[in-house]
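Engineer: Here's a structure for you.
The values are calculated or read from the model by the stated rules, or taken from the named source; none is laboratory data. Nothing here was measured: the structure is a model prediction, and the numbers come from that model. Glycine gets a Cβ as well: all are built from the backbone with ideal geometry, and neighbour counts include every protein chain shown. Quick note on the areas: whole protein, heavy atoms, side chains included, nothing else; ligands and nucleic acids left out. Shrake-Rupley method; radii C 1.70, N 1.55, O 1.52, S 1.80 Å.
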Amino acid sequence: AQSVTQPDIHITVSEGASLELRCNYSYGATPYLFWYVQSPGQGLQLLLKYFSGDTLVQGIKGFEAEFKRSQSSFNLRKPSVHWSDAAEYFCAVGAGSGNTGKLIFGQGTTLQVKP
Amino acid sequence: DTGVSQDPRHKITKRGQNVTFRCDPISEHNRLYWYRQTLGQGPEFLTYFQNEAQLEKSRLLSDRFSAERPKGSFSTLEIQRTEQGDSAMYLCASSLGLNTGELFFGEGSRLTVL
């Protein structure tokens, strides 16, 4: 069965420091992978997605993620974190065949940014 | 604002009552999704529509839950005979169909069942 694991429930980084949020997935074929961000009182927003091709994908707000098939991972990175990045981050994999929009989400990682 | 809107934003009800949530997607989007999110968890897929056709329902969607999208525009999610376990955030999302991969989410409707 398809699944997504985000090992870190809560991460705290200092403003200006680099960030890496981990995501591991379980899927038989080439997955559709996504990272969404959820800020308090706001809807989930897509940061970036991977369907195929270049394994390093760029997203909005300076985020990037790298797809590593051998490790079944799709980790999210940002070189320098801003206080406004504090939010909850969800990794997701497209479920079923094709890209239907049916997603399986991880449990989420809450990012706290220290001044 | 032309994003996905959901109403009401918060509903408090007593166990056994029926509740209905409404979702208005982005106007040109033909796909509409319902997800449920409980505290400390990621969203879980419930169902989705392409235009007015409901194409898939999760096993999470018991017989007490029904979703409609009668004219392929707005959608409603009704929960009958609510239980305390139904307390959650109900999220609606829409998309432009295949291969965009991007769901646009509303802010959610929070249900509290007392």
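Engineer: Kindly list, by first and then second residue, each pair from a residue in segment A:1-16 that is within 25 Å of residue A:28 (Cβ to Cβ) to a residue that is open to solvent by 70 Å² or more (accessible area, probe 1.4 Å), limited to pairs with Cβ atoms under 7 Å and residues at least 6 apart or on different chains.
Structural biologist: As it stands, the answer is A:6/A:22; A:6/A:107; A:7/A:22, since those pairs meet every condition given.
Engineer: To continue, here is another question. Within segment A:7-60, count every residue that is at pLDDT 95 or above, away from chain B (no Cβ under 11 Å), open to solvent by 70 Å² or more (accessible area, probe 1.4 Å) and not in a strand (DSSP E or B).
Structural biologist: Number satisfying all stated conditions: 3.
Engineer: So, of the residues in segment B:76-111 that are within 28 Å of residue A:91 (Cβ to Cβ) and away from chain A (no Cβ under 14 Å), which turns out to be surrounded by the fewest Cβ atoms within 10 Å (Cβ to Cβ)?
Structural biologist: Step by step, filter segment B:76-111, then rank; the result is B:85.
Engineer: Out of the residues in segment B:54-75 that are in contact with a strand residue (DSSP E or B) (Cβ under 9 Å, 6 or more places away or on another chain) and charged (D, E, K, R), state the one that is surrounded by the most Cβ atoms within 10 Å (Cβ to Cβ).
Structural biologist: B:69
Engineer: Here's another thing I want to ask about it. Kindly provide the set of residues from segment A:70-110 that are of a type in the set (A, V, I, L, M, F, W, C) and either under 14 Å from residue B:42 (Cβ atoms) or surrounded by 21 or more Cβ atoms within 10 Å (Cβ to Cβ) (or both), ordered by number.
Structural biologist: Listed by number, the residues that qualify are A:74, A:76, A:87, A:90, A:91, A:92, A:93, A:95, A:103, A:104, A:105.
Engineer: It is to be established whether one or more residues within segment B:41-55 are more than 10 Å from chain A (Cβ to nearest Cβ) and over 17 Å from residue B:22 (Cβ atoms).
Structural biologist: Looking through segment B:41-55, at least one residue is more than 10 Å from chain A (Cβ to nearest Cβ) and over 17 Å from residue B:22 (Cβ atoms).
Engineer: Hey, another quick one. Of all residues in segment A:62-115 being among the acidic types (Asp, Glu) and touching a residue at least 24 places away in the same chain (Cβ under 8 Å), which is farthest from the other protein chains (Cβ to nearest Cβ)?
Structural biologist: Only one residue fits best here, namely A:85.
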